[in-house]
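Asker: My questions all concern the structure below.
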Amino acid sequence: MKLSLIVRGQHPPGDPRQHLNDDLDLVRTADKLGFDGIVKGSHFSAHPFQSVQQIPFLAYCAAIAPRLRIICGLVLVPLHKPLDLAEQLATLDLLSGGKLVFGAGIGYRDVEFKAFGIPRGKLGARFEECLLAIRRLWTEDFVTMSGADWELDHATCPVKPLQKPMPPIWIGANADVAIKRAARLGDCWYINPHNTLATIERQMDLYKRALDEYGRPFPTEVPMRREVFIAKTRAEAIRLAQPYLEEKYKAYREWGQDKVMPEGDDFDHAFNELLEDRFLLGSPAEVADQLNRLNQRLGVNHLIASIHWPGMPNSLALEQLHLLAEEVRPLLRPTP
């Protein structure tokens, strides 16, 4: 089981320099503890939180922790033009020594779509045309094609990715239609942290059927992001994590995250209902057992661990990194 850390970098208003230093401490510690990768998501106008932007942050991570894979999780593809993304991400692959993972998603927040002038009804089509253009720019010398609001006229991406033919593309998906898109277009489905495991089991069957339909093999890497908190007991883990997780999922509700999830998988529940079948909370042995069962049930072999939420002291997040690496990882069974 591979272990990577997602640094959301979402903090209450304060000194952004201190927030950044805290986030970079997490990156350096993950590197020292032998984690496999560092992940950074992307949002714009992220009120009520402060957060630095994805690509410059990951470029800095590549410099201070060159052993780690650099994982965009996720780039909100419809908000961008393909030539810009192709060159930015190829540069990031170069800076990281060929360790980039291009995580791609659509997004769900109206404030972002309106700010970038993207109609909601065209998101799927924009995502697909942009992804196709990026693939072509990475593998062809010159590209001529048109999208909804851009045109490549004999365009070129002068710096190609080090990874050939290109970095792996993980496609994030919550809804069933997006699961099928991930099977058709991605190297794997980047399994989301929000849906319950019951929903994800159903969607994994859907994903496998779609792979068969498109004549594609089941991926060798199956990444899944989950909220993780470890303590001596499950009750203690819940007590310590609850105030920070509640704040994060309150923001998700306000942002409309659960409105793009399968019916019945919303966040309008008390915390004790919300955490059931959704988060990895407990003692080291309990969390390891949950991870081993995820591997057996779903084929998950790469955990993207979310262990730091808005307002949490960095000392507590650093402690979680040590517990995950030193007390949970030795209990994980080798993946097939």
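Asker: Looking at Leu323, Leu316, which one is part of a helix (DSSP H, G or I), modelled with pLDDT of 95 or more and either aromatic (Phe, Trp, Tyr) or touching a strand residue (DSSP E or B) at 6+ places or on another chain (Cβ under 8 Å) (or both)?
Answerer: One residue alone meets the criteria, Leu323.
Asker: Which numbered condition in (1) touching a His at 6+ places or on another chain (Cβ under 8 Å); (2) modelled with pLDDT under 95; (3) charged (D, E, K, R) is the only one that Glu246 fails?
Answerer: Result: Glu246 passes all but (1).
Asker: Which condition from (1) small (Gly, Ala, Ser); (2) surrounded by fewer than 19 Cβ atoms within 10 Å (Cβ to Cβ); (3) in a helix (DSSP H, G or I) is the one that Ala288 breaks?
Answerer: It is condition (2) that Ala288 fails.
Asker: Now a separate question. How about the stretch 6-23: which of its residues are over 21 Å from Val75 (Cβ atoms) and in contact with a helix residue (DSSP H, G or I) (Cβ under 7 Å, 6 or more places away or on another chain)? Give the derivation first.
Answerer: The initial filter retains those residues of the stretch 6-23 that are over 21 Å from Val75 (Cβ atoms), namely 11-19, 21-22.
Hits for the stretch 6-23 are His11, Asp22.
Asker: Could you check how many residues of the stretch 205-258 are outside any helix (DSSP H, G or I), charged (D, E, K, R) and more than 18 Å from the chain's Cα centre (by Cα)? Before you say what the answer is, go through the steps one by one.
Answerer: Step one: filter the stretch 205-258 for residues outside any helix (DSSP H, G or I), giving 214-233, 256.
Adding the requirement that they be charged (D, E, K, R) leaves 216, 221, 225-227, 232.
Within this subset, residues satisfying the condition of being more than 18 Å from the chain's Cα centre (by Cα) are 216, 232.
Total meeting the criteria: 2.
Asker: Let me ask another. Kindly provide the set of residues from the stretch 147-179 that are under 25 Å from the mean Cα position of the chain (by Cα) and small (Gly, Ala, Ser), ordered by number.
Answerer: Hits for the stretch 147-179 are Gly172, Ala173, Ala175, Ala178.
Asker: List, please: which pairs have Cβ atoms under 8 Å, are six or more places apart or on different chains, and start with a residue in the stretch 286-299 that is free of Cβ contacts under 8 Å to residues at least 24 places away in the same chain and end with one that is among the small types (Gly, Ala, Ser)?
Answerer: From the stretch 286-299, the pairs are Gln290/Gly282.
Asker: Only one residue in Glu221, Glu227 is within 29 Å of Met312 (Cα to Cα), in contact (Cβ under 8 Å) with a residue 24 or more places away in the chain and either surrounded by fewer than 16 Cβ atoms within 10 Å (Cβ to Cβ) or not polar (S, T, N, Q) (or both), so which one is that?
Answerer: Glu227
Asker: Now for a different question. Go through the stretch 108-146 and give me each residue that's in contact with a His (Cβ under 8 Å, 6 or more places away or on another chain), within 22 Å of Met166 (Cβ to Cβ) and surrounded by 14 or more Cβ atoms within 10 Å (Cβ to Cβ).
Answerer: Cys130, Val143
Asker: Against the condition over 20 Å from the mean Cα position of the chain (by Cα), within 23 Å of Gln53 (Cα to Cα) and free of Cβ contacts under 8 Å to residues at least 60 places away in the same chain, how does Gly121 come out, does it pass? Before you say what the answer is, go through the steps one by one.
Answerer: Details: over 20 Å from the mean Cα position of the chain (by Cα): yes; within 23 Å of Gln53 (Cα to Cα): no; free of Cβ contacts under 8 Å to residues at least 60 places away in the same chain: yes.
For Gly121, the condition - over 20 Å from the mean Cα position of the chain (by Cα), within 23 Å of Gln53 (Cα to Cα) and free of Cβ contacts under 8 Å to residues at least 60 places away in the same chain - is not met.
Asker: Could you figure out which of (1) among the hydrophobic types (A, V, I, L, M, F, W, C); (2) crowded, with 22+ Cβ neighbours inside 10 Å; (3) touching a residue at least 60 places away in the same chain (Cβ under 8 Å); (4) touching a helix residue (DSSP H, G or I) at 6+ places or on another chain (Cβ under 8 Å) isn't true of Leu58?
Answerer: Going through (1) among the hydrophobic types (A, V, I, L, M, F, W, C); (2) crowded, with 22+ Cβ neighbours inside 10 Å; (3) touching a residue at least 60 places away in the same chain (Cβ under 8 Å); (4) touching a helix residue (DSSP H, G or I) at 6+ places or on another chain (Cβ under 8 Å) one by one, Leu58 breaks only (3).
The values are calculated or read from the model by the stated rules, or taken from the named source; none is laboratory data. What you see is a predicted model, and the numbers here were worked out from it, not measured in a lab. Counting neighbours? That spans all protein chains shown, and the Cβs are built from the backbone with ideal geometry, glycine included.
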